[in-house]
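J.: Here it is, the structure, as structure tokens.
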Amino acid sequence: MERLNQWLWVIDIAIFSALLVVYAYDLEQGTPIGVSSTQAGRQEMLIALSGALGFKGSIVLAVLAMKATAI
């Protein structure tokens with residue numbers, strides 16, 4: 001069960017990292033990002049973080065997060 005829990009964390013961080021990088025890329029390209037009807041607050045926080053970090057900063061954070069969770 002412990003191993004499954006670790007893998008779920010890795011998958012969760014991978015999805016979070018991918019969204020962060022994609023949002024940062026879209027923001028730098030000037031593409032508008034529509035907020036979803038569910039979990040809008042979380043999406044707005046992720047968009048704000050990706051805007052603050054920029055594309056390169058988001059990639060760095062994603063790589064560090066994945067490196068920290070390597071199994």
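The values are calculated or read from the model by the stated rules, or taken from the named source; none is laboratory data. These numbers were taken from a predicted model, which means no experiment stands behind them. Every residue, glycine as well, gets a Cβ built from its backbone with ideal geometry; the counts of neighbours run over all protein chains shown. Areas reflect the complete protein model, heavy atoms only, side chains present, ligands, DNA and RNA absent. Shrake-Rupley method; radii C 1.70, N 1.55, O 1.52, S 1.80 Å.
J.: Could you tell me the relative contact order of the chain? Use alpha-carbon pairs under 8 Å, at least six residues apart, and round to a whole percent. It would help to have the intermediate numbers written out before the result.
T.: Working: 49 pairs, mean separation 33.0, N = 71.
Worked out over the chain, it gives 46 percent.
J.: Follow-up question, since we're still on this one. Viscosity 0.890 mPa s, temperature 25 °C: Stokes-Einstein D of the chain from its Kirkwood Cα radius, in µm² per second? Mind dumping the intermediate values first?
T.: Working: Rh = 12.9 Å.
For the chosen part, D equals 191 µm²/s.
J.: Helix 40-68 against the longest principal axis of the chain: what's the angle in degrees, Cα atoms only, rounded to the nearest 10?
T.: Once rounded, the angle reads 50 degrees.
J.: How do V21, V63 rank by accessible surface area computed with a 1.4 Å probe, from largest to smallest? Intermediate results must be reported in sequence, preceding the final value.
T.: On the way: V21 30, V63 90 Å².
Final ranking, largest accessible area leading: V63, V21.
J.: How much accessible area per residue does the range 1-53 have, counting only protein heavy atoms and a probe of 1.4 Å, in square angstrom?
T.: On the way: 3900 Å² over 53 residues.
For the range 1-53, the per-residue accessible area is 74 Å².
J.: Could you tell me which residue out of A70, S17, A40 lies farthest along the dipole of the chain toward its positive end? Charges go on the beta carbon: Lys and Arg +1, Asp and Glu -1, centred on the Cα centre.
T.: Most positive-ward Cα: A70.
J.: Sticking with this one: Treating only the Cβ atoms of Lys and Arg (+1) and Asp and Glu (-1) as charged, compute the dipole magnitude of the chain about its Cα centre; round to the nearest 20 debye. Walk me through the numbers before you get to the answer.
T.: Details: 4 positive and 5 negative charges, 33 e Å.
It works out to roughly 160 debye.
J.: Further, regarding this structure: Mind checking the angle between helix 2-29 and the chain's longest principal axis? C-alpha axes, 0 to 90 degrees, to the nearest 10.
T.: 20 degrees
J.: Would you mind telling me the share, in percent, of accessible area of the chain contributed by carbon and sulfur at probe 1.4 angstrom?
T.: On the way: 3430 of 5120 Å².
The value for the chain is 67 percent carbon and sulfur by accessible area.
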